[in-house]
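Here is the structure we will look at.
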Amino acid sequence: MIGVYGEDSFGDVDRASMGLAELPCDERSGVIFACLTPGTPLDLDSWLGEFAGKLADQNLEQWHLYTERFLSGAGWKATLDGYLEVYHHDSVHGKTVGPYTVGNLLVHDTWGAHQRMVIARKDITELNDIAPENWETPESYIRVVHSVFPNLSISAILGGQCLIGFVYPGETSTTTSPASSF
């Protein structure tokens, strides 16, 4: 503890036992990473490996926060598993993303514990009638989700929007904790 604002109103403060713990942290590609164990080295270059380039391609450092919500509810395991497949899109997201994405079809790449999923939009069939060299914006026919182990998902959405989710485990595998409780 370096200082206490209005210290005279607090009385005696044992600075050695009441100070904040310094945590190792670093930033990459607009994301701040922290290790919650004081004194543990944080080597992001090694941990991210080749995935660092995929994360950098998102240009998150140029984005700004529009809104945020803290949700508790579905179990953390089910929530994270939902980012590993798309066969649930039609049934679970039948009125949101389901009508626009091809369920049960995806491209999945991994870099160590990190991953990227590419999901086709239903209108991707329009490209069948266009020679590949004439494709103007092929990325508009897909959705990409980058998952940074253990709990960060970056879902790129067309139109200059992006959904970033952090999933924090709750007391059991059937609960999550809102980030605000940390």
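The values are calculated or read from the model by the stated rules, or taken from the named source; none is laboratory data. This one's a predicted model, so the numbers in the text were calculated from it and none came from an experiment. So basically every Cβ, Gly included, is an ideal-geometry build from the backbone, and we count neighbours across all protein chains shown.
Keeping to the stretch 57-72, report how many residues are part of a loop (DSSP other than H, G, I, E, B) and within 23 Å of R28 (Cβ to Cβ).
We begin by selecting, within the stretch 57-72, every residue part of a loop (DSSP other than H, G, I, E, B); these are 57-59, 63-72.
Then keep just the ones that are within 23 Å of R28 (Cβ to Cβ); that gives 57-59, 63-66, 68.
The qualifying residues number 8.
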* Structure fact -> Of the residues in the stretch 57-96, those that are at pLDDT 80 or above and among the small types (G, A, S) come to S91, G94
* Exclusive hit being surrounded by 13 or more Cβ atoms within 10 Å (Cβ to Cβ) and at pLDDT 90 or above, set D43, D26 -> D26
* To do: Select, from E126, E139, the only residue that is loosely packed, with under 13 Cβ neighbours inside 10 Å and under 26 Å from G53 (Cβ atoms).
  => E139
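Among the listed residues N104, N134, identify the single one that is surrounded by fewer than 16 Cβ atoms within 10 Å (Cβ to Cβ), modelled with pLDDT of 90 or more and among the polar types (S, T, N, Q).
Details: N104 fails: modelled with pLDDT of 90 or more.
Testing whether each residue is surrounded by fewer than 16 Cβ atoms within 10 Å (Cβ to Cβ), modelled with pLDDT of 90 or more and among the polar types (S, T, N, Q) leaves just N134.
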* Name the pairs whose Cβ atoms lie under 9 Å apart, with the first residue in the stretch 20-31 and within 15 Å of D43 (Cβ to Cβ), the second of a type in the set (G, A, S) and assigned to a strand (DSSP E or B), and 6 or more positions between them or separate chains? -> L23/A34; P24/A34; C25/A34; D26/A34
* Asked: Residues in the stretch 1-37 that are assigned to a loop (DSSP other than H, G, I, E, B), within 30 Å of W63 (Cβ to Cβ) and touching an Asp or Glu at 6+ places or on another chain (Cβ under 8 Å): how many?
  -> 2
* Structure fact -> Going through (1) touching a helix residue (DSSP H, G or I) at 6+ places or on another chain (Cβ under 6 Å); (2) in contact (Cβ under 8 Å) with a residue 24 or more places away in the chain one by one, L80 fails only at (1)
* To do: Could you grab me the full set of residues in the stretch 38-50 that are among the small types (G, A, S) and part of a loop (DSSP other than H, G, I, E, B)?
  => G39, G49
* Structure fact -> Inside the stretch 5-23, the number of residues satisfying the requirement of being exposed (fewer than 10 other Cβ atoms within 10 Å of the Cβ) and within 32 Å of the chain's Cα centre (by Cα) is 3
* Asked: In the stretch 126-155, what residues are more than 8 Å from the chain's Cα centre (by Cα) and either among the charged types (D, E, K, R) or under 23 Å from G112 (Cα atoms) (or both)?
  -> E126, D129, E133, E136, E139, R143, V144, V145, F149, P150
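Are any of the residues in the stretch 170-180 of a type outside the set (S, T, Y), exposed (fewer than 12 other Cβ atoms within 10 Å of the Cβ) and outside any helix (DSSP H, G or I)?
Yes; the residues of the stretch 170-180 include at least one that is of a type outside the set (S, T, Y), exposed (fewer than 12 other Cβ atoms within 10 Å of the Cβ) and outside any helix (DSSP H, G or I).
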